[in-house]
Structure formats: structure tokens, C-alpha cells
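Peer 1: Handing you this structure, nothing more for now.
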Amino acid sequence: MSPPTSFRSLYASSSTRTPVSPPIRIIPLLNSFNRLYGLSFSTSSSLPSSSSNLFFSTRKQSLCIKVQALTSETEQPKWWEKKAGPNMIDITSTEQFLNALKDAGDRLVIVDFYGTWCGSCRAMFPKLCKTAEEHPEILFLKVNFDENKSLCKSLNVKVLPYFHLYRGSDGQVDSFSCSLAKFKKLRDAIVRHNVRISTDHSSSVSEQIEDSTSSL
């Protein structure tokens, strides 16, 4: 016996209806996330599973430590920590300053008094490094004003950037304030006070030429 006509449409619609998937169990799913990613969660039993509140923790403390370690490894040196070469020395004490002048002998010594907070010092520093590379015969001493206040006070350094020039037995031969716009002032001072090195070098070359000529 076939069903009544009124039920035929109902049978037809039910036969074509997409079967409903069983509900997903969210707790086992979250447990698997916890094992894979180290995440933690909590649910409220008073709420239905569709509106459960999830609280995730990504181990912030350990992550911050790893980020800080990576940052310290890749961090570039600060501008005042850079050196042009072996003829540029950082002065950390008055004793080191005096020993550097003593060990320099007759070499021209240029002392750069600077501050890490000084914008003019920072702007001029790349040119100072380039000058040091161009003159390996000159000794450049860098004195941080904030870390050597007693030394700077004894040398009457009151403005920055400031330069002192020393040379052997002549002692201090020049001192002046200088900026990037007036950097030619330092170059002119080098030409003026580095003459002894150039003269000695020229005389030694001429002596070598005379010796080689006389031996012929």
C-alpha cells in the first residue's frame, strides 16, 4: 500500500535532505592544539559549547626573553662606539689619557671631546672617522664628556664638540670648538700642526736618495 498523497512530498524532501554531521567535540580539538603549540585554555561549563570563552597564553615571558636575546645579537653598535681604525682610541680615565699622550711620542694627537646626547657631535662623527682613516699617522682620542667629567673640567672643556691637539714635547698646540659646518677648521689645524711628520718623512726620503746616489 502506497502512502497517502499528502505524505509523498514529505518523503521526497526528506530523502534529498543533506544529512546532519555529528557535532564537533571542541575539548579534544583544543587539547591537540595545546600539545602542538603550548597553548592553554579554559571553558565555562555554565555556557554552551558554541559560546565557550577561550583564554590563550603564548608563554609571553619566555618569548620576550628570546626576542631580547635576538635583538642584542643583531643590534648595531651605537654611533659613538664605532672606530675608524687602530689609531682611534676610547679614553675611559685620566690615567689612560696621560699614558696615551706619553706613548704617542712626536705623533700629532687629536682629542675629541663629545657627548652621546650631542647632536652636533653625532653629525660630525662620520667625517672625523674618515679623517682618521686618511691620516693613520695621527692618533685620535675620544673622550666621553659624561664619563670623564673630572678630566674635562681640569682641561676647561665647557662646550661640545671640542678638540685639543697635542704633539710630543710641544704639549698642547691648539684647542677649539668645531661643528660639521666648520669642520674645515680641524682640517686646517691638521695641515698646520702635522708639518713635523711630513718634514721628517721628506728628509728621510731625501737622505735615502742621496745614499743610493753616492753608492753608484
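The values are calculated or read from the model by the stated rules, or taken from the named source; none is laboratory data. All of these numbers come straight from a predicted model, not from anything done at the bench. So basically every Cβ, Gly included, is an ideal-geometry build from the backbone, and we count neighbours across all protein chains shown. Heavy atoms of the whole protein, side chains included, go into the accessibility calculation; ligands, DNA and RNA do not. Shrake-Rupley method; radii C 1.70, N 1.55, O 1.52, S 1.80 Å.
Peer 1: Of the beta bridges DSSP finds with both residues in the stretch 88-190, what % are antiparallel, to the nearest 5? Intermediate values should be presented prior to the final figure.
Peer 2: On the way: 11 of 21 bridges.
Antiparallel bridges: around 50 percent, rounded to the nearest 5.
Peer 1: Another question about this same structure. Report the local net charge at Tyr162: Lys and Arg +1, Asp and Glu -1, summed over other residues whose C-beta lies under 13 Å from its C-beta.
Peer 2: Numbers: positive: Lys142, Lys153, Lys158, Lys182, Lys185; negative: Asp112, Asp174.
Once all neighbours under 13 Å are counted, the net charge is +3.
Peer 1: Moving to a separate point now. Please report the Cα spread of the stretch 88-190 along all three principal axes, rounded to whole Å, starting with the longest.
Peer 2: Extents along the principal axes, in whole Å: 32, 30, 19.
Peer 1: A further question on this structure: Quick one: net charge around Asp146, please, counting Lys, Arg +1 and Asp, Glu -1 for every other residue with C-beta under 15 Å from its C-beta. Before the final figure, lay out the partial values.
Peer 2: Numbers: positive: Lys78, Arg122, Lys142, Lys149, Lys153, Lys158; negative: Glu81, Asp90, Asp112, Glu147.
Net local charge, Asp146 excluded: +2.
Peer 1: Suppose R0 equals 22 Å. What FRET efficiency, 1/(1 + (r/R0)^6) with r the Cβ-Cβ distance, do Phe176 and Lys127 give to the nearest 0.05?
Peer 2: Values: r = 16 Å, r/R0 = 0.71.
The formula returns an efficiency of 0.90 here.
Peer 1: Per residue, what accessible area does the stretch 88-190 have, given a 1.4 Å probe and all protein chains present, in Å²? Working shown, then result.
Peer 2: Numbers: 5040 Å² over 103 residues.
Accessible area per residue: 49 Å².
Peer 1: So, counting K/R as plus one and D/E as minus one, what does the shell of residues with Cβ under 14 Å around Lys82 add up to?
Peer 2: Working: positive: Lys78, Lys83, Arg122, Lys127, Lys130, Lys142; negative: Glu75, Glu81, Asp90, Asp112, Glu133.
Surrounding charge for Lys82 is +1.
Peer 1: Oh, and also: For the stretch 88-190, give the percent of accessible area contributed by carbon and sulfur heavy atoms, probe 1.4 Å, rounded to a whole number. Walk me through the numbers before you get to the answer.
Peer 2: Values: 2560 of 5040 Å².
Here carbon and sulfur together make up 51 percent of the probe-accessible area.
Peer 1: Shifting gears a bit: Could you check the spin-label model distance between Asn99 and Lys149? Points 7 Å from the Cα along Cα→Cβ, value in nm.
Peer 2: Result for the modelled spin labels: 2.5 nm.
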